[in-house]
1. What area, in nm² and to one decimal, does the C-alpha convex hull of chain B cast on average over all directions?
2. What does the charge dipole of the protein assembly as shown about its Cα centre add up to, to the nearest 20 debye, if the Cβ of each Lys and Arg holds +1 and the Cβ of each Asp and Glu holds -1?
3. I want to verify a result. In a Gaussian network model of chain A, Cα cutoff 10 Å, which of these has the top mean-square fluctuation: A:Phe194, A:Phe28, A:Phe87?
4. Could you please report the charge total around B:Leu23, scoring K, R as +1 and D, E as -1 over all other residues with beta-carbon less than 9 angstrom from its beta-carbon?
5. Treating only the Cβ of Lys, Arg, Asp and Glu as charged (+1, +1, -1, -1), what charge dipole size does the stretch A:62-204 show about its Cα centre? Round to the nearest 20 debye.
6. Please list the three semi-axes, largest first and in whole Å, of the ellipsoid equivalent to the stretch A:132-204, using sqrt of 5 times the eigenvalues of its alpha carbon gyration tensor.
7. Please compute how much accessible surface disappears when A pairs with B, both sides summed, using a 1.4 Å probe, and round it to the nearest 100 Å².
8. Hey, what do the phi angles of the stretch A:36-51 turn into as Karplus ³J(HN,Hα) couplings, whole Hz, using 6.51/-1.76/1.60 and θ = phi - 60°, x for Gly and Pro?
Amino acid sequence: MTELWTLFLSAAFVDNMPLTLFLGLCTFLALSKRPESAIGLGIAMMGVLGVTVPLNWLIYQGVLAPGAWSWAGLPELDLSYLALIAFIGVIAASVQLLEMVLDRFFPAIHAAFGSFLPLLTVQCAILAGSLFMVDRSYTLAESAVFGLGSGFGFAIAVAMLGAIRSRLAYADLPNGLRGLGIAFVLTGLMSLGFASFAQMAVSQ
Amino acid sequence: MAARVDLWTTLTEPLMRQNPVTLQILGICSALAVTTSLATALTMSVSLTVVLTLSAVAISLIRRHLPDTIRLIVQIVIVASLVIVIDQVLQAYFAEISRALSIYVSLITTNCLVLGRTEAYARHHAPLPAAVDAFGNGLGYSLILLVLGGLRELFGRGQLFGWQVLPLADAGGWFTPLSLMLLAPSAFFLLGGLVWAIRSLLPEQAEAPEHEPPVQTRAVE
């Protein structure tokens, strides 16, 4: 149990997706101009990552991993090179499904951040979650915790950046730095702050 | 003649004026992650340009037969297949660099640059202009990557392509490496500075302020 908690913390803070691993930066920068949209994006990320990573684990272990077909008399079959296409398919399908479920049963939540959901299909952080899961050979429980943790870390980072940028809208910046430029500098400063969490992993 | 001039602008426009990374905010993730050294930056640039050009041609060829409703899935499948090929080639012939790039090669699939260009340009144009546009965008992306990779490797390790350019203080020279350059934050700072520099040179790229500063009315009273 404590191990899972450690994994959650390290996925959320030490290996923070946008700030330390540079994943999902396009939506991170594009949707952080307002705190409300930033929080919506964060919640959507948590939901999608928490669902797709364990789902992709099941598919990888059941169908694609080397030796997965040994029960059918094909122990040498190795389909792991197909992982990329399979993962993208699963992500696209589950994003679509999540949107439909939310629309049917929780219309309020759907109205709040439904418009971000389709964007998440091509979000590199989500695909990266599944690829890391294969790379680091997690178990099913670990992959679920890892997905939730990474989503949580993304949500915190994007909400913080959204809050800072909404204050900076009133600042008098140099012309060239306005918008994208200052967003990069802010992200760099936040990333410097998050770098201190790396010490947390060492001291444990 | 006019057609040739057109192709030339399509090719050169994305290098600076319409640069995919600094103006269109496309493909930033990989631009920052792989630029700790010039060699990985170059590999990534070449892989991305190849994938981008080939997928633009493929999608432009089938653009008249592609129903609108399923086009995203078709585009992603085409891009993913090309990426798998590139990934396997890198693993076979450049095993070391492939390990250094880890999952970022696979992430070309979801690189917004590829999908952005196929969606915005290749879907409406003939194969030749589509290929030229994709190649130009690939070059613009590569330009940013190589500048960032060069700066970070030069100041972080005193090397270029693994060759010692600046003599290190440890080895009797005068250069003390800035290890911050190899960490995540410096990539953000450098790219922010680069955006600032480009937008100062080309002021029409600067974003309009969201709020005008309040006008001082008291002096009039």
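1. Numbers: hull surface 77.2 nm².
Mean projected area of the Cα convex hull: 19.3 nm².
2. Details: 19 positive and 24 negative charges, 97 e Å.
Dipole of the protein assembly as shown, to the nearest 20 debye: 460 debye.
3. Result for chain A, Cα springs under 10 Å: A:Phe194 fluctuates most.
4. Working: positive: B:Arg17, B:Arg199; negative: none.
Value of the local net charge: +2.
5. Values: 5 positive and 7 negative charges, 105 e Å.
Once rounded to the nearest 20, the dipole reads 500 debye.
6. On the way: eigenvalues 215, 40, 24 Å².
Largest first, the stretch A:132-204 gives 33, 14, 11 Å.
7. Details: alone 10880 and 12920 Å², together 20240 Å².
Result for this pair: about 3600 Å² buried.
8. For the stretch A:36-51, the Karplus-derived couplings read 5, 5, 5, 5, x, 4, x, 5, 4, 4, 4, x, 5, 5, x, 8 Hz, x marking Gly and Pro.
The values are calculated or read from the model by the stated rules, or taken from the named source; none is laboratory data. These numbers were taken from a predicted model, which means no experiment stands behind them. Neighbour counts are summed over all protein chains in view; Cβ atoms, including those assigned to glycine, are modelled from backbone coordinates with ideal geometry. The area values use the complete protein model at the heavy-atom level, side chains included, leaving out ligands, DNA and RNA. Shrake-Rupley method; radii C 1.70, N 1.55, O 1.52, S 1.80 Å.
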